[in-house]
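The values are calculated or read from the model by the stated rules, or taken from the named source; none is laboratory data. No experiment lies behind these values; they were computed from the predicted model shown. Because the Cβ atoms are built from the backbone with ideal geometry, glycine has one as well, and the counts that use them run over all protein chains shown. In case anyone asks, the SASA skips ligands and DNA or RNA and just uses the protein heavy atoms, side chains included. Shrake-Rupley method; radii C 1.70, N 1.55, O 1.52, S 1.80 Å.
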Amino acid sequence: MMRVLNSLLLSLAKNLRVHNRLGLLLNVRPLLSTLDHIIRLQDTITRYQHNKQHVLAVFIDFEKAFDMVWRKGLLIKIKKKFGINGHMFAWIADLITDRTFQVRIGDEHSDIYILENGTSQGSIISPTLFLMMINDMPNSLSSTSVSLFADDSTFFKPGPNIIWLQRAVQKDLDVLQHWCNTWGFKISTEKTVGVLFTHSTNRPNIKIEVGGSPINIKHSARFLGMIFDKSLTWSEHIEYVINKCNKRLNLMRAVSGTR
């Protein structure tokens with residue numbers, strides 16, 4: 001039943017041509033994978049660095065993204081923005097409302113509590129519902145380019161002047177914070193990071209914030225499983241993959257009894 005409902009939602013979103021402001025179909029389209037977003041960001045950085053310009057990117061981390069989905073807000077968007085009514089709307093509403101949880105330790109059980117927010121954990125339909133919830137977020141961001149893939153999101157601004165990039169990114173951060181306040185999301189300022197992709201050695205001190213809290217500016221950031229470093233050398237990602245492989249090889253050697 002879940003798979004059928006999810007397929008119907010994906011088909012509906014595709015038929016409605018749900019776009020962000022850049023004209024790029026959001027990730028309700030099955031063919032749009034993580035690789036599309038990785039290549040898009042990598043291509044932007046490469047082109048502007050080749051022209052001795054810069055790209056300032058902010059990698060957003062939504063705190064407990066799936067657990068923080070405001071259900072009433074989601075139902076409002078499903079009905080008004082996607083035009084879903086009738087039995088399908090009733091099925092979705094029934095799926096996400098009056099859900100309960102209970103904790104078991106050994107033979108002991110806790111009281112039963114009602115989940116007030118969030119989508120179903122582990123459900124195939126949860127990522128689709130989450131995307132429908134955040135689908136209008138890029139429309140609010142007028143100064144930067146946006147890539148959304150479930151709860152892994154980034155927005156970035158290329159250009160020749162770093163101070164100008166900082167102002168543009170800060171403007172959209174303020175807009176994003178307002179959007180989050182409206183729709184019940186919270187940005188994790190500890191995990192959200194900014195990266196200035198540039199070959200220039202003369203870099204000003206970047207200061208951007210969200211909700212009054214400063215965002216950490218780092219030399220690299222992870223996006224959709226890839227580590228983007230400021231010069232786009234991929235050295236950190238290669239080192240990460242090598243270390244990960246070595247750990248698994250050592251584990252296999254330990255299990256097999258070889259050196």
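A few remarks follow.
- The range 178-242 gives an Rg/Rh value of 1.05, both radii derived from C-alpha positions and Rh following Kirkwood.
- At most 16 other Cβ within 10 Å, DSSP loop - trypsin sites (Lys or Arg not before Pro), the range 178-242: LYS186, LYS191, LYS207
- Among LEU35, LEU129, LEU74: highest mean-square fluctuation, GNM of the chain, C-alpha pairs under 10 Å: LEU35
- Highest-MSF residue in the chain out of ARG203, ARG104, ARG47 [GNM, Cα springs under 10 Å]: ARG104
- Euclidean distance of C-alpha centroids, the range 193-250 and the range 87-139, integer Å: 33 Å
- Prolate/oblate/rounded call for the chain, Cα gyration tensor, a/c under 1.5 rounded: oblate
- Computed helical MRE - 222 nm, the chain, DSSP H runs ≥ 4 contributing -39500 (n - 2.57), nearest 500: -13500 deg cm²/dmol
- For the range 104-144, convex hull of alpha carbons as volume per residue, Å³: 126 Å³
- Note on the chain: dipole from Cβ charges, positive end direction compared against PHE62, PHE185, THR233; the farthest Cα belongs to THR233.
- Ranked by the mean number of other Cβ atoms within 10 Å per residue, highest first, peptides 114-120, 166-172 order as 166-172, 114-120.
- Overall form of the range 73-162 per C-alpha gyration tensor (a/c, 1.5; a/b vs b/c): oblate
- For the residue pairs LYS79/LYS157; LYS191/LYS218; LYS157/LYS207; LYS80/LYS171; LYS191/LYS247; LYS218/LYS247, the C-alpha atoms sit more than 22 angstrom apart in LYS79/LYS157; LYS80/LYS171; LYS191/LYS247; LYS218/LYS247.
- Listed peptides 105-113, 136-144 appear in the order 136-144, 105-113 once ranked by packing, highest mean of other Cβ atoms within 10 Å at the front.
- Accessible-area composition of the chain, carbon plus sulfur, in percent [1.4 Å probe]: 53 percent
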